[in-house]
């Protein structure tokens, strides 16, 4: 499997406001606060919209 560093992003849910440093192919993945998944928007604080 080949992972695209450009297209991959991460979102971390934590009650301690932690950050994640994840790299692939030598590049750090961008951390986002929300993203779309099957038409619903999921956010870092646990809320979502359909």
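Coordinate-derived values only; no laboratory data. Note that the coordinates shown come from a computational prediction; the quantities given were computed from them, not determined experimentally. Don't worry about glycine lacking a Cβ; one is built from the backbone with ideal geometry, like all the others, and counts go over all protein chains shown.
For the reader, a short list of remarks on this structure follows.
- Label-point separation, residue 21 to residue 34 (7 Å along Cα→Cβ), nm: 2.9
- The chain: relative contact order in percent, alpha carbon pairs under 8 Å with at least 6 residues between: 31
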